[in-house]
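One structure below.
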Amino acid sequence: MAWPAAVQAVVRALLLLLPVLMLVPGLIWWERRLLSWMQDRIGPNRVGPFGLLQPIADGVKLFMKEDITPSAVDRAIYFIAPAVALFPAFAIGGTMPWGPNRWLTPVADVNIGVLYILAISSLGVYGIVLGGYAANNKYSLMGGLRSSAQLISYELAMGMSLACIVLATGSLKMTDMVAAQEGPLWGVVPVIQNWFLFTPYGAISFVIFVICMIAETNRAPFDLPEAENELIAGYHTEYSSMKFAVFFMGEYAAMMLFGGILSCVFLGGHNFVPINWDGLAHSAPALSWVAGVFGNLNYYLAPIWFLGKCAGVITFYIWLRATLPRLRYDQLMNLGWKTLLPLATANFVVVALWILATRLMSESQGQTMGSILGFVAAIIAGSIIYLLWKAIFLSRKGDLLQPRDIDMVKPAVEARTVEMVDPNAGVA
Amino acid sequence: MGAQILGVTLTPNLMVFGGLATLSALCAVGVVAFPNAVRSALCLVVNFFLLAFVYFTLNAEMMGITQIVVYTGAIMVLFLFVIMLLNLGAPQALKEKLDFKTPLGLLLGVALFGLVGSQLLPTFVGVTQVQTTGALEAFGSPQAVGRSLFSDYVVPFEAVSILLLVGIVGSILLAKRKI
């Protein structure tokens with residue numbers, strides 16, 4: 001494998017970019033069909049079998065459409081905004097391993113893997129903010145402002161939830177995180193893999209990360225930047241043709257790569273099911289041939305399992321969009337700052353206790369006692385935090401999510417009488 | 001090997017650094033040169049972003065990525081947010097009248113540049129090669145940074161965090177009368 005490093009880097013980058021580029025149309029098709037099914041509609045079913053060629057037809061249409069540039073826009077920024085929006089959506093997958101072969105993936109296995117993801121995802125706001133500003137349109141500007149406020153709020157909770165996993169793994173590398181999840185569950189059960197979703201702290205981190213991920217990608221129910229009943233189309237109101245398509249593609253690529261990150265950090269990366277095949281072969285020698293077959297399948301078809309997990313996450317996205325109504329702006333901010341961030345910070349303490357308990361106990365009493373103590377510590381810490389939380393809530397008057405006062409118009413009282421004037425009255 | 005400019009061998013490292021440094025210097029000039037506040041802010045964003053890459057080339061990935069997270073990702077987003085909220089008018093509105101401030105500012109700028117340059121540049125006279133000794137391989141790694149932050153510099157580190165906390169509480173107190 002004595003290829004020049006540059007060639008190797010290009011191959012790796014292409015192996016990340018091309019699948020994402022090719023799968024985005026399929027993703028749009030899947031969203032439209034699934035959403036239709038959930039909403040009791042039919043959806044696009046005319047172009048090709050099951051409407052599979054619909055995204056291609058849409059793409060051709062978008063290319064052919066007239067590219068209108070409104071006269072009042074800030075031209076330079078208006079033109080670069082879609083590109084700026086697309087860049088982080090693709091770059092975010094740079095440290096994400098989608099298979100066990102370290103020669104092919106990830107693009108760069110740097111020692112700052114998770115920080116890189118946070119950094120790049122924080123750049124995602126620029127495309128939206130610039131698009132909103134450059135359009136010189138009040139709705140666009142509102143969309144851009146909402147988006148920047150939303151992204152800043154949810155980035156923090158996302159960083160904290162990832163920090164919990166970093167603490168548990170002891171490394172910032174994504175590959176180390178996947179490797180850590182291949183170990184025995186809680187350090188005790190050798191047959192099952194230690195996916196972070198199955199650990200008490202990981203489950204909480206998982207929920208926080210999923211919520212933040214949806215907010216970061218501006219998807220329902222956090223799609224306030226493009227709330228169509230309030231802001232027309234938000235930041236991309238003034239964009240048409242291919243420039244709009246680039247925004248659209250960026251959103252879907254980001255959805256998919258965030259799905260990949262979720263799979264890597266919490267769902268065991270490229271492993272098929274949370275079963276440790278080597279461990280199974282060791283503990284049940286009668287099943288060793290099954291374990292061997294599945295172990296090989298697990299290893300050689302890794303990208304398929306990984307993509308399958310991404311597809312699952314995307315289905316979840318679509319399901320949420322079909323299920324949940326959009327949040328109100330103050331609810332969104334309260335959820336981010338007053339619920340998710342404290343919860344993620346508290347979870348950080350729980351992880352630390354878990355690690356301390358398991359390490360201390362494992363040294364003297366063995367792994368099993370260590371894990372039991374870890375669970376006890378996590379439960380105690382969790383209940384203390386919950387009680388504190390309750391105390392803070394009770395010390396306030398009323399709920400945090402207060403219903404807003406809206407002055408309802410009373411038609412009976414405020415009805416105006418309009419006198420109809422006939423414009424032609426005096427003519428004849 | 002390679003071409004020579006002013007007696008300095010042109011290595012790939014030097015070319016990468018030259019490109020990044022030139023671009024970031026241009027962006028820094030753009031920050032003060034653009035009359036439009038949003039474009040100035042954008043130039044600063046690009047400048048910070050390119051500086052991060054300079055750190056990457058120096059094996060300080062942690063430093064570079066922190067630069068992106070903190071400056072490009074958080075502080076500049078807030079800057080843009082504020083600029084957009086203020087919604088400054090047309091670029092013409094920002095044009096100032098030419099008075100003694102501009103030449104004086106230029107003069108002081110040149111003086112500062114000369115002062116810094118006179119201290120820095122003599123070191124580089126006669127240097128024809130990039131020195132690649134010095135920093136260790138793991139110098140800028142998260143492990144090394146974390147270890148020194150939490151062992152040698154733990155008191156300053158905690159003091160800074162308390163300072164920041166005080167700042168946050170103070171700003172909330174100032175901004176919000178009723179808590």
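Quick notes on this structure:
- Within the stretch A:1-39, if we keep just the residues that are among the charged types (D, E, K, R) and closer than 15 Å to A:Arg321 by Cβ, the residue that is most open to solvent (accessible area, probe 1.4 Å) turns out to be A:Arg32.
- Residue within the stretch A:245-254 that is of a type in the set (Gly, Ala, Ser), part of a helix (DSSP H, G or I) and farther than 30 Å from A:Ile80 by Cα present: no
For (1) among the small types (Gly, Ala, Ser); (2) in contact (Cβ under 8 Å) with a residue 60 or more places away in the chain; (3) surrounded by 14 or more Cβ atoms within 10 Å (Cβ to Cβ), each residue gets a yes or a no:
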{"site": "A:Pro285", "(1), (2), (3)": "no, no, no"}
{"site": "A:Phe306", "(1), (2), (3)": "no, yes, yes"}
{"site": "A:Ile314", "(1), (2), (3)": "no, yes, yes"}
{"site": "A:Leu353", "(1), (2), (3)": "no, no, yes"}
{"site": "A:Leu356", "(1), (2), (3)": "no, no, no"}
{"site": "A:Ala381", "(1), (2), (3)": "yes, no, yes"}
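- Of all the numbered requirements in (1) more than 12 Å from chain A (Cβ to nearest Cβ); (2) within 30 Å of A:Glu216 (Cβ to Cβ), B:Asn13 misses one, and that requirement is (2).
- Scanning the stretch A:85-143 for residues that are within 28 Å of A:Pro4 (Cβ to Cβ) and of a type in the set (Phe, Trp, Tyr), we see that the one that is most open to solvent (accessible area, probe 1.4 Å) is A:Phe87.
- Within the stretch A:61-84, the only residue that satisfies the criterion of being away from chain B (no Cβ under 14 Å), under 27 Å from the mean Cα position of the chain (by Cα) and of a type in the set (A, V, I, L, M, F, W, C) is A:Leu62.
- The residue that is farthest from the other protein chains (Cβ to nearest Cβ), counting only those in the stretch B:25-47 that are surrounded by 16 or more Cβ atoms within 10 Å (Cβ to Cβ) and outside any helix (DSSP H, G or I), is B:Phe34.
- Helices (runs of 4 or more DSSP H) wholly inside the stretch A:93-194 that include at least 2 residues being more than 14 Å from chain B (Cβ to nearest Cβ) and aliphatic (A, V, I, L, M): A:138-169, A:174-180
- In the stretch A:287-304, residue nearest to A:Gly26 (Cα to Cα) [restricted to those that are open to solvent by 40 Å² or more (accessible area, probe 1.4 Å) and among the aliphatic types (A, V, I, L, M)]: A:Ile304
- The stretch A:42-75 - residue that is touching a Lys or Arg at 6+ places or on another chain (Cβ under 8 Å) and touching a residue at least 24 places away in the same chain (Cβ under 8 Å) and, of those, surrounded by the fewest Cβ atoms within 10 Å (Cβ to Cβ): A:Asp67
- Output for the stretch B:147-167, where each listed residue is modelled with pLDDT under 90 and loosely packed, with under 10 Cβ neighbours inside 10 Å: B:Ser151
- Flag if B:Thr72 is facing chain A (nearest Cβ under 10 Å), more than 11 Å from the chain's Cα centre (by Cα) and of a type in the set (Ser, Thr, Tyr): no
- Filter result for B:Leu51 (open to solvent by less than 40 Å² (accessible area, probe 1.4 Å) and in a helix (DSSP H, G or I)): no
The values are calculated or read from the model by the stated rules, or taken from the named source; none is laboratory data. Keep in mind that what you see is a predicted model, and the values were worked out from it rather than measured. With ideal geometry, Cβ positions are generated from the backbone for all residues, glycine too; neighbour counts draw on all protein chains shown. In case anyone asks, the SASA skips ligands and DNA or RNA and just uses the protein heavy atoms, side chains included. Shrake-Rupley method; radii C 1.70, N 1.55, O 1.52, S 1.80 Å.
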